[in-house]
Amino acid sequence: MNNNLIVSPTALAFAVVLVVIALAINLKEKIGLERDMIIGVVRAIIQLTIVGYVLTYIIKFNRVWLTALMVAIIIFNAAQNAKGRADGIPHAFLISLLAIATSTLVTIALLIFAGAVKFVPSQIVPVSGMIASNAMVAIGLSYRSMNTSFHDQRQGVLERLALGATLKQSSAHIVQMAVRTGMAPTIDSAKTVGIVSLPGMMSGLIFAGVDPTKAIMYQIMVTFMLLAATSIGSVIACYLAYPRFYNADMQLR
Amino acid sequence: MAELIFDIQELNYVVGDHQILHSMTTQIEKGANLTIEGPSGSGKSTFLRLLATLLTPTSGTILFEGRNQLEYPKIKYRQQVSYCFQQPTLFGETVRDNLKFPFEIRNAAFDEQKVLTSLESVELSADMIDQQITKLSGGEKQRVALVRNLLFTPKVLLLDEISAGLDADTKGVVHRLIQSYRASGVTVISVTHDETEIAAADDLIEIRNGQLGVPSHE
């Protein structure tokens, strides 16, 4: 493989100019995101540096338990982040954990079964990260949609309950909308992949010197796996979350 | 004394530090036509929602046909004690979507003939069934909502100011429909501010400041 990837610390230091440009725009236009931007940049540097060393160690050490532990940490962090979008939905962390763990593990199991990836840390850890982060975003969007719909469509839900509908029948339209909202970015991205964006995995492989025709095979696999993961994740999260909007007497909270 | 459909004892309903209903005790007979009047915010709608199990009493009991309402399976109870809202929300896109819902929640096959007959009973034409709900007037929406509540005859009909804002003709249609259900033994409990409805009431009670009282103009 012809590896042309050389990003030296000096090159990175120069790239900070790009952050400065973003900060300058922010300050001039009084957008108020400069603090978040600086925190984001500092966190990205620290987190990626740590993960770089951790991954180097995990790949070198190559133990099943260590790989599994890394996947578990990724899933845990993704669930924690998704919970942050739940805006008070009870048990959101556990629901998110179950949804993200199931979507990640089912998708990885299928990929391993199909021979698309091997259970080696250099493949499992990055693929898990991709799946869990996409599931996390989808679930976060689904939570937001559910919260908005249960608030805005309260009267409609109340009328369904009054007619003698079950909680599922009273919430079906809201759950469907939430799953659709959660999956929308993945579906949009699947529709425009190659014509608008050259996604991370494909770009990375091309950067690393892999023949683009081979890189697309991986990207197609990634597209399929993200569609599966976001649909599994959103459906599980939504179906576990909607009953939390009701009390034990089948009334809206 | 006729058989009771509701026996309400010491009913209290409190939200935070605001007591909405105070120790209400009353009995309602099967087949009654009870009209409830009272100022806005006095607790009338809360009372109806408690009867419908859309709210749970803070204390006190509501016996429905001799049994605590909370002991009934909620779904079965709500299909028998049907609550109609003042400003109903219609579901989906068409009138048909709304009138299919009562069948769906009972796992029953959609009976189009029954639906068309019900639409006729509130003077809505058969071709209205595929009408977009966004194109309906307020009066048409209220009549579709009423049909939605009455496709499967309930034991009790709770009407929360359903004629408010309707024109005289539509009110007449609604009254005639409700009268026909009353005649077939359905208990009707309605909250109203309408003087004509109050004057025509068989039984009239007043709720003022969350307490039952005798109407001042009796």
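The values are calculated or read from the model by the stated rules, or taken from the named source; none is laboratory data. Note that this is a predicted model, so its numbers are computed, not measured. Positions of Cβ are backbone-derived with ideal geometry, glycine not excepted, and every protein chain shown enters the neighbour counts. We work out accessible area using only protein heavy atoms, side chains counted, and drop any ligands, DNA or RNA first. Shrake-Rupley method; radii C 1.70, N 1.55, O 1.52, S 1.80 Å.
In summary, A:N26 fulfils each of the numbered conditions (1) open to solvent by less than 50 Å² (accessible area, probe 1.4 Å); (2) modelled with pLDDT under 90; (3) assigned by TED's automatic domain parsing to the domain that holds A:V120 with the single exception of condition (3).
With closer than 17 Å to A:Q251 by Cβ, away from chain A (no Cβ under 11 Å), of a type in the set (V, I, T) and open to solvent by 70 Å² or more (accessible area, probe 1.4 Å) as the only criterion, which of B:T134, B:T58 stands out?
Within the list B:T134, B:T58, the selection yields B:T58.
Selection over region B:174-218 of residues that are open to solvent by 40 Å² or more (accessible area, probe 1.4 Å), out of contact with any Leu (no Cβ under 6 Å at 6 or more places or on another chain) and assigned to a strand (DSSP E or B) gives a count of 3. Of the residues examined, A:R35 is not one that is assigned by TED's automatic domain parsing to the domain that holds A:A215, at pLDDT below 95 and open to solvent by 80 Å² or more (accessible area, probe 1.4 Å). Free of Cβ contacts under 8 Å to residues at least 60 places away in the same chain, away from chain B (no Cβ under 14 Å) and over 17 Å from A:D87 (Cβ atoms): is that true of A:T148 in this structure? Considered against the rule, which asks whether it is free of Cβ contacts under 8 Å to residues at least 60 places away in the same chain, away from chain B (no Cβ under 14 Å) and over 17 Å from A:D87 (Cβ atoms), A:T148 comes out as no. The residue that is farthest from B:D111 (Cα to Cα), among those in region B:138-173 that are more than 14 Å from chain A (Cβ to nearest Cβ) and at pLDDT 90 or above, is B:E161. Taking every residue in region A:153-171 that is more than 7 Å from chain B (Cβ to nearest Cβ) and pairing it with any residue that is open to solvent by 40 Å² or more (accessible area, probe 1.4 Å) and in a helix (DSSP H, G or I), at least 6 positions away or on another chain, the pairs with Cβ-Cβ distances below 6 Å are A:L167/A:P243. Candidates are the residues of region B:69-103 that are more than 8 Å from chain A (Cβ to nearest Cβ) and of a type in the set (A, V, I, L, M); the one that is farthest from B:L51 (Cα to Cα) is B:V95. When A:M130 is evaluated against the numbered criteria (1) open to solvent by 10 Å² or more (accessible area, probe 1.4 Å); (2) within 11 Å of chain B (Cβ to nearest Cβ), which criterion, by number, is the only one it fails? Of everything listed in (1) open to solvent by 10 Å² or more (accessible area, probe 1.4 Å); (2) within 11 Å of chain B (Cβ to nearest Cβ), A:M130 misses just condition (2).
Would you confirm whether any residue within region A:202-212 is of a type in the set (D, E, K, R), open to solvent by less than 30 Å² (accessible area, probe 1.4 Å) and at pLDDT 85 or above? No, every residue in region A:202-212 fails to be of a type in the set (D, E, K, R), open to solvent by less than 30 Å² (accessible area, probe 1.4 Å) and at pLDDT 85 or above.
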